[in-house]
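Report on the following structure.
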Amino acid sequence: MVEHQEIPCHSFLLKKRAPLLLTSYPPVEQSKSTFFVDVIKIDVFRTFLEFLYSDNPKIDFSGQRDTFVVELLSFAQFHKVERLIVICEQFQKLNGIVLEKLPPSTLIKDISSFWKSDDFDVQFEVEEHEVKAHKALIAARCPYFHTMFSSGLKEATLEVIPLTDVRYEVLQAIMEYLYTDDVADINSEIAIDLLISANQFRIPRLKAIVENLVGYSLDADSASCVLDVASLYSCKLLARACFFFIVKNYAAVSTSDTWKEMSPAARKVMTVFGPKWGLEPKWPKEATKIEPEDSDEIPNTF
């Protein structure tokens, strides 16, 4: 609470980014989670919080009162927030122009440290395993979880939320991405399932990462099967990579079991979009033959 106004924050982030905020100020009466910060003006405090959440607040200091930067610098020094200290000091020295190299951002590193920490507020049960997380963070990063926690679904009220439509290893990889913006190891056993789940959870960057990985790992046995998946889940770049691979390696691909089982939708991708992609392969007509009853299965999202 600052100047008698409550400002909501996330304690797990403050503990890592500015731990003194949770120990240096008296709690409001009858509250263990609300603190009275009486040493700073509310506009300065909001800017301080914006920095903790973004590591680079877009603030026009020139539009603030004369003492704004002084107060922000003093507060940053007390809480030992080095990067913000440098920003304020450079503004003072150079009349609003920050030229000196700033300390490197620690935001990703700090957020990554929450992954697999004991400080969590939601648990998922997947294949008899527990996966712990922070609601605010995963909801901000993933529309699937945002909908789960904000639309009144019953899952939002459960202490342990069961997830039945995702594998444990896949959910672990999704959580790793949400906390670190990367996945260290995507093995072949989970790659396709991770691609499907990234599409389901509406995480386009993770989907693109997996598309690239799978696209560079194609072989004669997997190309037509992967093209099926790419056609079904609107993976344009991956579908194109499969198509190029099949054209180049048609003799080997066409003798695989997966080629014989390829869906009409995937064959239609090759027939319709091949010429658009600059490829008109000289293979037998039956390679992309579509039965009349299958014409409705043409993907229209490429």
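Just so you know, all these numbers are worked out from the coordinates, no wet-lab data involved. What you see is a predicted model, and the numbers here were worked out from it, not measured in a lab. Note that each Cβ is placed from the backbone with ideal geometry, even for glycine, and that neighbours are counted across all protein chains shown.
Test of understanding: what is the full-extension gain from residue 249 to residue 272, defined as 0.36 nm times their sequence separation minus their Cα-Cα distance?
Stretched out fully, the residue 249 to residue 272 stretch lengthens by 6.3 nm.
What FRET efficiency comes out for residue 70 versus residue 112 if R0 is 35 angstrom and r is the Cβ-Cβ distance? Round to the nearest 0.05.
E(calc), rounded to 0.05, equals 0.60.
At a Förster radius of 51 Å, what calculated FRET efficiency corresponds to the Cβ-Cβ distance of residue 184 and residue 257, to the nearest 0.05?
It comes out at approximately 0.95.
Just want the ordering: 24, 151, from fewest to most Cβ atoms lying within 10 Å of their own Cβ.
Placing the least packed residue first, the sequence is 151, 24.
Got a sec to turn the phi values of the stretch 120-132 into Karplus ³J(HN,Hα) couplings, 6.51 cos²θ - 1.76 cosθ + 1.60 with θ = phi - 60°, whole Hz, x for Gly and Pro?
9, 9, 8, 10, 10, 10, 9, 6, 6, 10, 9, 10, 9
Any idea how far apart residue 193 and residue 80 come out in nm if each label point goes 7 Å out from Cα toward Cβ?
4.3
What distance in nm lies between label points placed 7 Å from Cα along the C-beta direction at residue 15 and residue 237?
3.7
Provide the gained length on full extension for the span residue 169 to residue 46, in nm with one decimal, where the gain is 0.36 nm per separating residue minus the Cα-Cα distance.
40.4 nm
Given the peptides 224-236, 176-188, arrange them by the average over their residues of other C-beta atoms within 10 Å, most packed first.
Descending packing order for the listed peptides: 224-236, 176-188.
Can you run phi through the Karplus equation (6.51, -1.76, 1.60; θ = phi - 60°) for the stretch 134-142 and list ³J(HN,Hα) in whole Hz, with x for Gly and Pro?
10, 3, 4, 6, 6, 5, 5, 8, 9
So, in nm, how far is label residue 5 from label residue 212 when the simple model puts each one 7 Å beyond its Cα toward the Cβ?
Distance between label points: 4.2 nm.
Can you compute 3J(HN,Hα) from phi for each residue in the stretch 81-92, using the Karplus curve 6.51 cos²θ - 1.76 cosθ + 1.60 with θ = phi - 60°, rounded to whole Hz and x for Gly and Pro?
So the Karplus estimates, Gly and Pro as x, are 9, 4, 5, 5, 4, 5, 4, 5, 5, 5, 4, 5 Hz.
Residue 122's amide H: which non-local residues (gap 5+, or another chain) put their own amide H closer than 5 Å, with H modeled 1.01 Å from N in plane and none for Pro or chain starts?
Amide H neighbours of residue 122, under 5 Å, 5+ apart: 133, 135.
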